[in-house]
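Only one structure is covered here, and it is reproduced in the block below.
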Amino acid sequence: MSHEANKVFWDASTQWWKEREDKRGLWMKAHEDPALVLSSAEMPFLTDIGDKVVCVLGSGDNEVAFALAGLGGHVTSVDISERRLAVAVDRACTLGLELTFIQADVTDLAQLEANSFDLVYTGGHMSVWISDIQKYYSEAVRILKPDRLFVVNEYHPVRRMWLDAGGPEPHHSYFNRGPYSYTSEEELPTFEYHWTVADHIQSVVDAGCRIVKVEEHGEKIEDEYWMAVDLKKLPAYLLIVGRKDVVQHDPGTAKA
């Protein structure tokens, strides 16, 4: 229910986001200079993807998808919003980039085969729209080939404590996952979830990965326009890199 409401919101707000992204201009440059949209913390895990099949989940503005295509990856871009994907298709044509675009809820990737991608990437404020982070990461790892990397570079969860705050004191409990209900400028309901650092890491592990890297990085987010307080002393992003286990174990068949 919450995912469908969020889909309606993203479809309705597509033009607003398109104008904002056009003004920022990163989608035009990311394929030529991936460092514009990929951080130095995550870049070591993304550079060796020439001729590899790559999936970007919750692709949104597709800046990361275009950057990974520029690095030589054969990229599949997945997003819940048909209108957002239509914008991305037009932009890819403008840039001469070949990507595959799929409209799907990231908690149900039935359109994609298991063990089919060399790299799965997600992040960029994506998880706040997801009602079940374990299902989300489980699907991401399901479509990943064994011994390949799952890369998550998310907005740092601790910063969301200050969402809706009018002063220096945090407004939300770190442990209140939500859902938080809002009404958009289009007068549409939206729903957000505040997953903790532990939620992210445990969900990657439970999905069948061993942790390769965890890093809290950055101090500033350029477009953090919704925050009324200065959070520059807090980490901006949470990077988690997991490698899918070669042998997947079914906990339901484990012997005592």
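The values are calculated or read from the model by the stated rules, or taken from the named source; none is laboratory data. Because the structure is predicted, anything quoted here is derived from the model rather than measured. As a convention, Cβ positions derive from the backbone with ideal geometry for all residues, glycine included, and neighbour counts pool all protein chains shown. Surface accessibility is based on the protein's heavy atoms, side chains included, excluding ligands, DNA and RNA. Shrake-Rupley method; radii C 1.70, N 1.55, O 1.52, S 1.80 Å.
Data for the structure
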| quantity | calculated |
| --- | --- |
| Any hit, the stretch 78-94, residues being over 19 Å from V241 (Cβ atoms), at pLDDT below 95 and of a type in the set (D, E, K, R) | no |
| Number of the condition not met by A65 [criteria: (1) of a type outside the set (S, T, N, Q); (2) surrounded by fewer than 24 Cβ atoms within 10 Å (Cβ to Cβ); (3) within 24 Å of S138 (Cα to Cα)] | (2) |
| Total residues in the stretch 34-59, condition over 19 Å from L238 (Cα atoms) and without any contact (Cβ under 8 Å) to a residue 24 or more places away in the chain | 3 |
| Hits in the stretch 90-109 - residues which are within 18 Å of the chain's Cα centre (by Cα) and open to solvent by 60 Å² or more (accessible area, probe 1.4 Å) | T100, Q103, D108 |
| The stretch 1-55, residues that are open to solvent by less than 40 Å² (accessible area, probe 1.4 Å), small (G, A, S) and either part of a loop (DSSP other than H, G, I, E, B) or touching a Gly at 6+ places or on another chain (Cβ under 7 Å) (or both) | S13, G25, A30, S39, A41 |
| Residue in the stretch 207-229 that is open to solvent by less than 70 Å² (accessible area, probe 1.4 Å), outside any strand (DSSP E or B) and at pLDDT 95 or above present | yes |
